[in-house]
1. Would you say LYS151 is free of Cβ contacts under 8 Å to residues at least 40 places away in the same chain, among the charged types (D, E, K, R), loosely packed, with under 12 Cβ neighbours inside 10 Å and in a helix (DSSP H, G or I)?
2. Taking the range 52-62 only, how many residues are touching a residue at least 40 places away in the same chain (Cβ under 8 Å) and surrounded by 15 or more Cβ atoms within 10 Å (Cβ to Cβ)?
3. In the list LEU112, LEU97, which residue meets the criterion of being within 18 Å of HIS191 (Cβ to Cβ) and assigned to a helix (DSSP H, G or I)?
4. Starting from the range 111-136, keep only residues that are more than 19 Å from ASP183 (Cβ to Cβ), then list their pairs with residues that are charged (D, E, K, R) and outside any helix (DSSP H, G or I) whose Cβ atoms are within a distance under 8 Å, requiring at least 6 positions of separation or different chains.
5. Just need a number here: residues in the range 63-90 that are part of a strand (DSSP E or B) and out of contact with any His (no Cβ under 8 Å at 6 or more places or on another chain).
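No lab work stands behind these numbers, since they all come straight from the coordinates. This is a predicted model, so every value here is computed, not measured. A quick note on method: Cβ atoms are made from the backbone with ideal geometry, for glycine too, and the neighbour counts reach across all protein chains shown.
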Amino acid sequence: MTTSELKSHCNRCRQETSHVALFEKKKEVSEDIDGIGDIYWITTYRLLECCGCQDISLSKAVYFSEADDTQTHFYPPRVSRHKPAWHGDLPRDYEQLLAEVYSSLHADNRQLAMMGARALIDLFILRKVGDLGNFSVGMDALEKEGFISFKDRLVVKAAIEAGHAAAHRAYRPTATDVERVMDIVENIIQHDVLHESAKALRATTPVRQKTRNST
């Protein structure tokens, strides 16, 4: 057992923090390849504890003699983006789809995340104006009904195009691209939640009574 300290990302603290390696074990495998010589793999397992919040995680670092760098994987996976604080207020159909998108993000499956982001926008259109059979027609209806502005439409279109490219043109977005798309999509579906919340608030707010002018 070791007590060495190292830097690692903490999901709970949401940043890189100091960690203590509570346990470490190395496993080495080698093989003699004709015409190449001896090659080997070194796999290092570490049980890590965050020095701040005491959250526990496992890291698996694999070094291959013929590779340029060490590949490190974490369990649970490192989370680069957390669900918005209001995700619990979402209708069930939104919440389930958003959860799958975030599962893809945590596994660094960016293409799947982009496809899911597009599906969230399709769901927004369906909830607001129904299935009109065409994305462009749906966007026309959203703008006409006042759910989005013309500027909003341009922003949503950018997110849709990114999702379409991931699905049909083998486009692998960068982490920055994914962040931008998620910002756009979450803003759109939060608008839906706030709209419903405002409707409920209006329904329960007492109407102001008219006062008579004193003589």
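1. Yes, satisfied.
2. The qualifying residues number 3.
3. Going through LEU112, LEU97 in turn, the sole match is LEU97.
4. Taking only residues 6 or more apart or on different chains, the pairs are LYS128/GLU145; VAL129/GLU145.
5. Qualifying residue count for the region: 6.
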